[in-house]
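Have a look at the structure below before the remarks.
The numbers here are math on the coordinates, done by the rules we state, and not lab data. What you see is a predicted model; the values in this text were computed from it and never measured. Here the Cβ positions follow ideal geometry from the backbone for every residue, glycine too, while neighbour counts run over all protein chains shown.
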Amino acid sequence: MLLALCTGAAFLVSLLLPFLFIPFLRRLGVLDIPNERSSHSKVIIRGVGVTIAAGVLLGLGLSLVTSLVAVDRSIVLILMAVIALASLLGWIEDFRGLSVRVRAGLQLLLGLAGTTALVWTMEQSYWWVPVGALAIAAYINVANFMDGVNGISGLHGIAVGILYAVGGMLGDQLWMTVAGAVVAAAFAAFLPWNLGRGSVFMGDVGSYLLGASISGIAVAAFLAGVNVEYLLFPILIYLADTFSTLLRRMSRGERWYAAHRQHVYQRLTDVGLSHLQSASVVSACTLLTGGAGLLVAGAGDVLKVGVTLFAMAVVVFYLLSPRIFGRRNVRV
C-alpha cells in the first residue's frame, strides 16, 4: 500500500502539474527551436521535465515520510539531492544555455559530490568515487543525446525503472525497488503530454533528470552489492547507440559534440518509422537486454553464456535495425 501511495503520487503530480506549468513556460518563452539534431520541424514548448522531477522527488520523499524505506534512508536522500541538482542544471540549460565546458564540468562535479556522499554513507572504498562520478556525468549526457524523438525518454524511464525495481527485489534492496518504481511512474505520466496532439518536450531538465536518476540508482546499487548485470543490461541499448554513434562521428573527423541526427533511433525515422515506432524499438530491445540481465545473474555457467550471447545479439540487431527496417520498407 505504501509503495502504491508513493508511485501513485509521483504519477499524479507528473500528470497534472503540466496544466499549471505549461502556461508559465509559454510566458517565459522556453521553446525548442528545430536544428540539425531535431526530428521535428516546428517550435515546441520544452522544459516540462520540471513536472517529472517534482513527481520523482515527491514519490521518494513520501517513501521516507511514511517509513516505507526504513533503512538505507540516507541513500534515498542522496539520490534526491543528485536528482534535484541535475534537474536544476538542466533547467538552467533550457532557460539560459551553458557552454559545453561549463556544462560538462558541472555534471562531473555533481557526479563527484553524489558518489562521494554514497561512498561515505555506505562505507565503501573512495577508489570508486572517480568511477561513479564519470558514470553519472556520462549517463546524463547519454540520456540527453538519446532524447530526440517523441516518447523515447518516457518509455526509457518506464522500462529501466521497472527493471531496476525488479532488480531491487531480487537484490533485497527495498530503496532500489521504490526508486525504480517511482521513476517509472513519473515518466509514464509524461507520455500523454509528449505523445498528444499538442505535444510538449521535457527538455534538458527532463533528460538530465532521467540520466541522473538511472545512473544514481545504478551507482548506489553497485556500492550496495547488487549484481552488476541487473544494472548494466537495462542500459546496454542506450550505451550502444550513443557510443557507436560517437565513434563513427569521430572516425569521420566530425565534432562529436556538434548537433546531429545520426543516432540509430533517428535513422529509424529516416527509413520510415514514426517517432513512436522508433521509440518502441528502442524500448523493446531495452526490455529484452534488461530481462536477460535479470536471468544471467543467478544462472549456471552454460545458461549465463547463452543469455549473455542473446543480449549481445539484441544489441547487434538494434544497431543494424535501420538497415533491416529500411530494406523491409523498400520491398513493401
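Data for the structure
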| quantity | calculated |
| --- | --- |
| Rg ratio (alpha-carbon, reference 2.2 N^0.38 Å) - the range 255-304 | 1.64 |
| Label-point separation, LEU276 to ARG96 (7 Å along Cα→Cβ), nm | 3.9 nm |
| Charge context of ALA179, other residues only, Cβ under 13 angstrom, K/R +1, D/E -1 | 0 |
| Estimated inter-spin distance, ARG327 and SER251, nm [label 7 Å along Cα→Cβ] | 1.9 nm |
| Relative packing of peptides 201-211, 52-62, 113-123 - highest average C-beta neighbours within 10 Å first | 201-211, 52-62, 113-123 |
| For ILE44, distant residues with modelled amide H under 5 Å away | ASP32 |
| Extension gain from VAL71 to LYS304, taking 0.36 nm per residue of separation minus the Cα-Cα distance | 80.7 nm |
| Karplus-derived 3J(HN,Hα), 6.51/-1.76/1.60, for each residue of the range 47-56, Hz, glycine and proline x | x, 6, x, 4, 6, 5, 4, 4, x, 4 |
| Whole-Hz ³J(HN,Hα) from phi, Karplus 6.51 cos²θ - 1.76 cosθ + 1.60, for the range 159-174, glycine and proline x | 4, 5, x, 5, 4, 5, 5, 5, x, x, 5, 5, x, 6, 10, 4 |
| Likely footprinting exposure, GLU254, GLU93, fewest C-beta neighbours within 10 Å first | GLU254, GLU93 |
| Overall form of the range 219-283 per C-alpha gyration tensor (a/c, 1.5; a/b vs b/c) | oblate |
| Whole-number D in µm² s⁻¹ for the range 1-143, Kirkwood Cα-pair radius fed into Stokes-Einstein, 20 °C, 1.002 mPa s | 126 µm²/s |
| Cα-based shape type of the chain, given that a ≥ b ≥ c are square roots of the gyration tensor eigenvalues and the cut on a/c is 1.5 | rounded |
| Protection proxy ranking of 303-309, 97-103 - average other beta-carbon atoms within 10 Å, highest first | 303-309, 97-103 |
| Global size of the range 185-308 as Cα Rg and Dmax, reported in angstrom | 16.9, 51 |
| Computed lengthening from PHE19 to ALA258, 0.36 nm per intervening residue step minus Cα-Cα distance | 82.7 nm |
